[in-house]
């Protein structure tokens, strides 16, 4: 083998071993029933996380550098028209040294009302200081809460337990509880517990219900860990479903969190599934903070 061939082999091995670059743009979406039941449609919470690692940092002063990302959110109807559109500029924290190994991501959350129907949710990101650097994420979205039987919202994965809010209402509060999302369902270094929040609709007030939740592999493998709680149907508002699981012994990998509600006859009346990623060696993206 010649020296040139050895060099090519070495470069190939380095590429194979190199970890995948973090996604530039993460999109988390949760659907809830509209609080005003006379309004047909639902409330869609869109949580956007932009990686700080790939952004271009511009000098803003002596030893001060800052990046910027312009994100356009759209909910597109099947006919191609935009039911919702908004452009938001994000600014990560100022850095004194752009060679820092960790450049914090930046996140924001929007709460939008959409009529019932099918949409494509689209997020476009453009580096404010490098126009060629862009990212695009699209995903299908179905908004449907017109039924009268028991139904569940999407499950929101949290970085810490839902807590009673001590501030005025904002996009991070539901049913009086502050929700701190785990972006993209990632539980990383130092995050030994999984927390979740969901809402249950159209159940009789005071009805005893059993909440059961468990983690399993993506291919329908047996349960790894599970939890259970007893809840009662709430009167005049959604029934809150919340719980936690200990991840300390769960190895790195992709999983599914299954959440189900059973009635007194042990029948499943509502259920939802969401994806979980366990990466104990990674740093987790920082959650969005409440604007002041």
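Out of 81, 75, 23, 69, report the one residue that is farther than 27 Å from residue 175 by Cα and at pLDDT 95 or above. One residue alone meets the criteria, 81.
From the list 163, 153, the one residue that fits, being touching a residue at least 60 places away in the same chain (Cβ under 8 Å) and either buried (at least 16 other Cβ atoms within 10 Å of the Cβ) or in the same structural domain as residue 267 (by TED's automatic domain parsing) (or both), is 153. Scan the stretch 254-270 and tell me whether some residue there is outside the structural domain of residue 31 (by TED's automatic domain parsing), more than 15 Å from residue 200 (Cβ to Cβ), crowded, with 19+ Cβ neighbours inside 10 Å and in contact (Cβ under 8 Å) with a residue 24 or more places away in the chain. Checked the stretch 254-270: at least one residue is outside the structural domain of residue 31 (by TED's automatic domain parsing), more than 15 Å from residue 200 (Cβ to Cβ), crowded, with 19+ Cβ neighbours inside 10 Å and in contact (Cβ under 8 Å) with a residue 24 or more places away in the chain. Within the stretch 60-71, the set of residues being surrounded by fewer than 15 Cβ atoms within 10 Å (Cβ to Cβ) and assigned to a strand (DSSP E or B) comprises 60, 61, 64. Here residue 130 meets the list (1) in contact (Cβ under 8 Å) with a residue 12 or more places away in the chain; (2) in contact with a strand residue (DSSP E or B) (Cβ under 8 Å, 6 or more places away or on another chain) almost entirely, failing just condition (2).
Within the stretch 118-135, the set of residues being surrounded by fewer than 16 Cβ atoms within 10 Å (Cβ to Cβ) and modelled with pLDDT of 95 or more comprises 118, 120.
Here is a yes/no grid of residues against (1) in a strand (DSSP E or B); (2) within 18 Å of residue 24 (Cα to Cα):
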| position | (1), (2) |
| --- | --- |
| 104 | no, yes |
| 108 | yes, yes |
| 113 | yes, no |
| 118 | yes, no |
| 130 | no, yes |
| 137 | yes, yes |
| 140 | yes, no |
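In the stretch 168-204, the qualifying residues are those that are out of contact with any strand residue (DSSP E or B) (no Cβ under 8 Å at 6 or more places or on another chain) and exposed (fewer than 15 other Cβ atoms within 10 Å of the Cβ), and the one that is modelled with the lowest pLDDT is 168. Looking only at residues in the stretch 164-197 that are in a loop (DSSP other than H, G, I, E, B) and within 17 Å of the chain's Cα centre (by Cα), the one that is farthest from residue 239 (Cα to Cα) is 188. Screening the stretch 72-102 for residues that are touching a residue at least 40 places away in the same chain (Cβ under 8 Å) and in a loop (DSSP other than H, G, I, E, B) and picking the one that is surrounded by the most Cβ atoms within 10 Å (Cβ to Cβ) gives 92.
Scanning the stretch 43-59 for residues that are assigned to a strand (DSSP E or B) and crowded, with 21+ Cβ neighbours inside 10 Å yields 44, 45, 46, 47, 48, 49, 50.
Residue 161 meets the stated requirement of being touching a strand residue (DSSP E or B) at 6+ places or on another chain (Cβ under 8 Å), at pLDDT 90 or above and in a loop (DSSP other than H, G, I, E, B).
The values are calculated or read from the model by the stated rules, or taken from the named source; none is laboratory data. Predicted, not measured: the structure shown is a model, and the values here were computed from it. When we count neighbours, we look across all protein chains shown, and the Cβ atoms used for this are built from the backbone with ideal geometry, even at glycine.
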